[in-house]
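One structure is given here, and the rest of the page talks about it.
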Amino acid sequence: RLNEDVLKELYEILDVQNAQIVNLDVTYSARLKNDDQVLSVLDFLRKVSSGSLRKSKLVYGSTVYWGSPNSKRLARKAYCKAIEFMRQLAKLKKQAAKGEAFASRVIKIMDDPKLIQFMTGLLRLETRFKPVWLTEHNIPLNVFELIKYQHAHPNFLTEIWQLANKPLFEALEGHTMKA
């Protein structure tokens, strides 16, 4: 454990007042019946294209990306939370088997049947906002200014997520899917 003197020294070294946002991730979830249904929805979403949105490949069998993850503005994806969660848990178990203490501590939390059950059937829709996009929309990058901005605009995360995903929702208009 770090003692208070080390933490104070670290704080003095850091330029905390000028801390900047590198990426801002906003994620919404949809609860479906099970993971098979999530995968069916992902397969449907994979085929969506319109304007700047291009058809996607399923990555790792459970993630759909629209656009390039290397985009300067936005990175959008949808994924099956349970599959991602179980993949991460398996990786941690391998690390713990090699004696990594951090992995062992995290496993104690993640390997809870209630938590695993909660992840089942969870479709996640995530948008990563990058500094160029945030600046274009007059959203401050300084951490403290962003906190003030959020107090003044309490719904801004919902609003920017909806704005960034408007092309996706427009592309879905008029389409139906049986599940």
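The values are calculated or read from the model by the stated rules, or taken from the named source; none is laboratory data. It should be emphasised that the depicted structure is a prediction, and the values quoted were computed from it without experimental measurement. Quick reminder, even Gly has a Cβ in these numbers, built from the backbone with ideal geometry, and neighbours come from all protein chains shown. Remember, those area values only see protein heavy atoms, side chains included, never the ligands or the DNA or RNA. Shrake-Rupley method; radii C 1.70, N 1.55, O 1.52, S 1.80 Å.
Key figures for this structure:
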read-out: Residue identified as β-branched (Val, Ile, Thr) and in contact with a helix residue (DSSP H, G or I) (Cβ under 9 Å, 6 or more places away or on another chain) among THR120, THR176; value: THR120
read-out: Residues that are over 15 Å from the mean Cα position of the chain (by Cα), of a type in the set (Phe, Trp, Tyr) and open to solvent by less than 80 Å² (accessible area, probe 1.4 Å), drawn from segment 105-141; value: TRP133
read-out: Residue list for segment 142-162, restricted to those being in contact (Cβ under 8 Å) with a residue 24 or more places away in the chain and open to solvent by 70 Å² or more (accessible area, probe 1.4 Å); value: PHE144
read-out: Which numbered condition GLN88 fails, given (1) surrounded by fewer than 17 Cβ atoms within 10 Å (Cβ to Cβ); (2) touching a strand residue (DSSP E or B) at 6+ places or on another chain (Cβ under 9 Å); (3) farther than 19 Å from ASN165 by Cβ; value: (2)
